[in-house]
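The values are calculated or read from the model by the stated rules, or taken from the named source; none is laboratory data. Please read these numbers as outputs of a predicted model, since none were measured by experiment. A quick note on method: Cβ atoms are made from the backbone with ideal geometry, for glycine too, and the neighbour counts reach across all protein chains shown. What goes into the accessible areas is simple: the full protein's heavy atoms, side chains included, and nothing from ligands, DNA or RNA. Shrake-Rupley method; radii C 1.70, N 1.55, O 1.52, S 1.80 Å.
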Amino acid sequence: MFEFRDYQKSIIADAIKKIFKQRLILLCMEVRTGKTLTALGVADGVKANKVLFITTAKVIKDGTVKRDYDLFGPSFELELINYESLHKITDKDHDFIIVDESHKIGAFPKPSSRAKKVKAIVGNKKVLLLSGTPTPESFSQIFHQFYISDYSPFHEANFYQWAKGYVSVRQKKVAHGRIVNDYSNANENLIRQMISSYMISYTQAEAGFKSKVIEKVINVKMKPVTYNLVSKLEKDKVYEGKKGGVILGDTPVKLMSKVHQIYSGTVKLEDGQSIIIDNTKAECIKHHFQGKKIAIFYKFNEELNLIKQALGGSVTTDLHEFNGSRKSIALQIVAGREGISLAKAEALVFFNIDFSATSYWQSRDRLTTKEREKNEVFYLFAEGGLEHKIYEAVLNKKSFTTKHYERSRLSA
């Protein structure tokens, strides 16, 4: 018979009281602490009849929520839906809504279309927000997560009005020299005071986890073609190959993206075709991790083909096959950074690194279990490449932008 852990029972009891009082709660529980089961326990505790569970397509495909639901066996009916399918909901008789990975609706200053769709469904219903990292980059991300409910602790009609009291607005330069307002410098202490009764936090350390993340950077000397191509593109903003393929970096965003691709061995041409130019990183993985069962994170689609060329049949992209065999797995960073466990892997290897601080903090923790004492995370960075600069930014919870890129070029 299923039984919650003691700390889950305590969180559930606290959340039930808050739901009855204010109809809205945010459970900020770190990965592997059982946040999905805890959320289901709260729904059962408030005597919900029909629960809508909003999450990602990846989580639904992996079946983790359904397994937790079957394990717990609550009395309510559960409907699972991904964010991209919210427009398909016609039956709105749910009396309790769980918004999983709620940071996905935290974009600012304008609400995302995703946030608007969730708001249209939630309204005045009881709602539980669920996230291990609700504000991974800025506390300004909290406004639209609460905005979806009629019972938000913030009474301002929109983010701009809210920012007047909670954000120190600065200005920053973006593409083409435009000056825009930067709303990321939120007053964390003041916001925490306002949401203290609406938020329950729980960490892995509190749950008894002793896992230590050990990060190691492997510097990879790429082939001359890689460095020559970057140099040519940064100088001329365009490169035309002998066979007619064109690489264009005529805007700061495009140039940064192309350089990022090239330093890991692939690039997307102007005609839409992606090509492999340097297999050094893939060969490094093949030799450095030979015989080990690893999880590999890549960023750009063509990188997967590069990984497959080097590792052949020893790598899969299917989580079930990975869990049931000695095969390693390769996943795109954004698709694999949340909602899944890669605990079967002996190590986590980043073939490339994402610009997003959210991706960094979420994806590096995919190995964690309560029993595991050490998580080894490896980053493959091109010597003299862009990845080192990206790593410095995300370590400080800052997403890497064209501003960072231009600054790195000037200091090179």
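Criterion applied to S152, S131 was being out of contact with any Cys (no Cβ under 7 Å at 6 or more places or on another chain) and either modelled with pLDDT of 95 or more or at negative phi (or both), and the one residue passing it is S152. Quick one: would you say Y227 is of a type outside the set (S, T, N, Q) and in contact with a Leu (Cβ under 6 Å, 6 or more places away or on another chain)? Taking the combined requirement at face value, the residue does not satisfy it. Applying the criterion of at least 1 residues that are modelled with pLDDT of 90 or more and either over 24 Å from the mean Cα position of the chain (by Cα) or closer than 23 Å to E283 by Cβ (or both) to the strands (runs of 3 or more DSSP E) found wholly in segment 192-252 leaves 212-220, 238-240, 246-248. I need the full set of residues from segment 151-171 which are open to solvent by 50 Å² or more (accessible area, probe 1.4 Å) and either farther than 20 Å from S196 by Cβ or within 25 Å of the chain's Cα centre (by Cα) (or both), in order please. Passing the criteria: A157, N158, Y160, Q161, K164, S168, V169, R170, Q171. Looking across segment 253-289, the residues that are open to solvent by 40 Å² or more (accessible area, probe 1.4 Å) and assigned to a helix (DSSP H, G or I) come down to V253, K254, E283, K286, H287, H288.
So which residues in segment 116-132 are in contact with a helix residue (DSSP H, G or I) (Cβ under 6 Å, 6 or more places away or on another chain) and closer than 17 Å to Y198 by Cβ? If the condition is that a residue be in contact with a helix residue (DSSP H, G or I) (Cβ under 6 Å, 6 or more places away or on another chain) and closer than 17 Å to Y198 by Cβ, then V118, K126, L128, L129, L130, S131 are the ones that fit. Residues of segment 49-76 that are part of a helix (DSSP H, G or I) and of a type in the set (V, I, T): V59, I60, T64, V65. I'd like the full set of residues that are of a type in the set (G, A, S) and either surrounded by fewer than 20 Cβ atoms within 10 Å (Cβ to Cβ) or touching a strand residue (DSSP E or B) at 6+ places or on another chain (Cβ under 9 Å) (or both), limited to segment 35-63. Correct list: A39, A43, G45, A48, A57, G63. Right, S85: surrounded by 15 or more Cβ atoms within 10 Å (Cβ to Cβ) and among the hydroxyl-bearing types (S, T, Y) or not? It is false that S85 is surrounded by 15 or more Cβ atoms within 10 Å (Cβ to Cβ) and among the hydroxyl-bearing types (S, T, Y). Out of curiosity, is R32 over 19 Å from the mean Cα position of the chain (by Cα), of a type in the set (K, R) and more than 20 Å from I19 (Cα to Cα)? No, not satisfied. Mind checking whether some residue in segment 314-334 is within 28 Å of V65 (Cβ to Cβ), assigned to a strand (DSSP E or B), more than 21 Å from the chain's Cα centre (by Cα) and of a type in the set (A, V, I, L, M)? Checked segment 314-334: at least one residue is within 28 Å of V65 (Cβ to Cβ), assigned to a strand (DSSP E or B), more than 21 Å from the chain's Cα centre (by Cα) and of a type in the set (A, V, I, L, M).
Checking each residue in segment 290-306 for being open to solvent by 40 Å² or more (accessible area, probe 1.4 Å) and in a helix (DSSP H, G or I) picks out N301, N305.
Being open to solvent by 50 Å² or more (accessible area, probe 1.4 Å), within 22 Å of V31 (Cβ to Cβ) and charged (D, E, K, R) narrows it down to one of K92, K117, K66, so name that one. K66 is the lone residue from the list that is open to solvent by 50 Å² or more (accessible area, probe 1.4 Å), within 22 Å of V31 (Cβ to Cβ) and charged (D, E, K, R).
Among residues of segment 379-392 that are assigned to a strand (DSSP E or B), those with a beta-carbon under 7 Å from a residue that is polar (S, T, N, Q) and open to solvent by 10 Å² or more (accessible area, probe 1.4 Å) at least six positions away or on a different chain give the pairs F381/N219.
For segment 90-107, the criterion of a residue being under 19 Å from S197 (Cα atoms) and in a helix (DSSP H, G or I) is satisfied by at least one position.
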